[in-house]
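Asks: Encoded as structure tokens, here's the structure I'll be asking about.
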């Protein structure tokens, strides 16, 4: 037997390399979390149809159950905080559930977190409708507080609809009958099928553009009846947001009275049919004519009463004395004028006399207070004060000089020089201190003695 020495080295080297490289060892939590991340990122939100089993309702409000078919079982959880359960769930019920696939890491078990559940026969369109309705309602797009009032007397209406549909003809027929003077601006669009929702939203935005500013006062979005699929364009989010963003009030008239779309909830006013939308948006010509007639009658009665009132006032004036005897009025006014003239003259004379008497009194007072006389009196008073001041100063100086002389004599008596003149002296030690006792000096120390006429030094022996 021959050995092929070159047939085995490659596998042996590979095994040696694998043994040399240390493999990554995952923890259970790391591996479970990685699997959860892969599931949630790859699958996203899904719809699942199955039969309910193992149904449990917890006191917390959360609902746990399974969805099964003939070959598999999927664990599900419906949290109370995600969406209220409006469907009465029961064992064996066939349902459609929407949610995300995730992993319950504690048990290492994958499950579905449900956010919507419905009977299996309801269909996905209804589920999409309910989901979008809840979303927009949560954002406040259905809030009545944000809805605008519809103009009662519009000059122009913008219509977003199909140009060939019966809805447009129904609207225009009623508009011609009720208010033919109102301008109708039609923006033709597709109302069903692919691209219909985008076209409807674009038409609403176009009516709000500066190019059409002032052309219309409101917008009517309408179409005739049909199936849920036919009306679906008006359930799209793009249409709802275009209606909500419109600066012009919007009336939604889609389908028949039993049909409700997302556009109906967002619009400022919902009309059950296009014909009803015309009746809601336009004033009634017959009612306006009745109103004008009634207003004309009220105006005629008011004008007639006003004229009658003024006629009576004019007749009363014509019967009054000023109009019957005008010369008497003139005579009374002339007499009144003479009386006032006399009163003015009398009052003026009295006033002039009073002013003259007052001026004479003021002149006498002024003469008593002539400036030259006042200055002379003030000068005499000032001279008297100056003389008194000089006398007081001389007296005070004499007194002060006497005080100084007495103090000088006392100081002279207390001066050391006067004492030394009487034969006394002052001895200072070598440090310049006054020697008051014999013990204050040492033998051999030099001292200085001060007399009245000088000093001399000496040495203590």
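Asks: For the stretch 432-453, give me each residue that is surrounded by fewer than 13 Cβ atoms within 10 Å (Cβ to Cβ) and over 24 Å from residue 422 (Cα atoms).
Replies: 439, 442, 443, 444, 446
Asks: With respect to residue 280, is the statement that it is surrounded by fewer than 20 Cβ atoms within 10 Å (Cβ to Cβ) and touching a strand residue (DSSP E or B) at 6+ places or on another chain (Cβ under 6 Å) true? If you could, list the steps in order and put the result at the bottom.
Replies: Details: surrounded by fewer than 20 Cβ atoms within 10 Å (Cβ to Cβ): yes; touching a strand residue (DSSP E or B) at 6+ places or on another chain (Cβ under 6 Å): no.
So residue 280 fails the test.
This table checks each residue for (1) in a loop (DSSP other than H, G, I, E, B); (2) at pLDDT 90 or above; (3) surrounded by 11 or more Cβ atoms within 10 Å (Cβ to Cβ); (4) under 45 Å from the mean Cα position of the chain (by Cα).
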| residue | (1), (2), (3), (4) |
| --- | --- |
| 26 | yes, no, yes, no |
| 31 | no, no, yes, no |
| 35 | no, no, yes, no |
| 39 | no, no, yes, no |
| 54 | no, yes, yes, no |
| 65 | no, yes, yes, no |
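Asks: Ok, one more. Mind checking whether some residue in the stretch 321-332 is part of a helix (DSSP H, G or I), surrounded by 10 or more Cβ atoms within 10 Å (Cβ to Cβ) and modelled with pLDDT of 80 or more?
Replies: No; the residues of the stretch 321-332 include none that is part of a helix (DSSP H, G or I), surrounded by 10 or more Cβ atoms within 10 Å (Cβ to Cβ) and modelled with pLDDT of 80 or more.
Asks: Name every residue in the stretch 203-213 that is free of Cβ contacts under 8 Å to residues at least 40 places away in the same chain and more than 31 Å from the chain's Cα centre (by Cα), in order of residue number.
Replies: Within the stretch 203-213, 206, 211 qualify.
Asks: Can you give me the ranges of the helices (runs of 4 or more DSSP H) entirely in the stretch 164-264 with at least 3 residues that are at pLDDT 90 or above and under 15 Å from residue 277 (Cα atoms)?
Replies: In the stretch 164-264, the matching helices (runs of 4 or more DSSP H) lie at 166-178.
Asks: Is there any pair with a first residue in the stretch 285-312 that is over 28 Å from residue 173 (Cα atoms) and assigned by TED's automatic domain parsing to the domain that holds residue 173 and a second that is at pLDDT 80 or above and exposed (fewer than 10 other Cβ atoms within 10 Å of the Cβ) whose Cβ atoms are under 8 Å apart and which are 6 or more apart or on different chains, and what are they?
Replies: none
Asks: While we're on this one: Name the residues in the stretch 43-62 that are within 13 Å of residue 97 (Cα to Cα) and in contact with a strand residue (DSSP E or B) (Cβ under 6 Å, 6 or more places away or on another chain), would you?
Replies: Passing the criteria: 45, 47, 48, 49, 50, 51, 52.
The values are calculated or read from the model by the stated rules, or taken from the named source; none is laboratory data. Small disclaimer: the values here were computed from a predicted structure and weren't measured. Note that we place each Cβ from the backbone using ideal geometry, even for glycine, and neighbour counts take in every protein chain shown.
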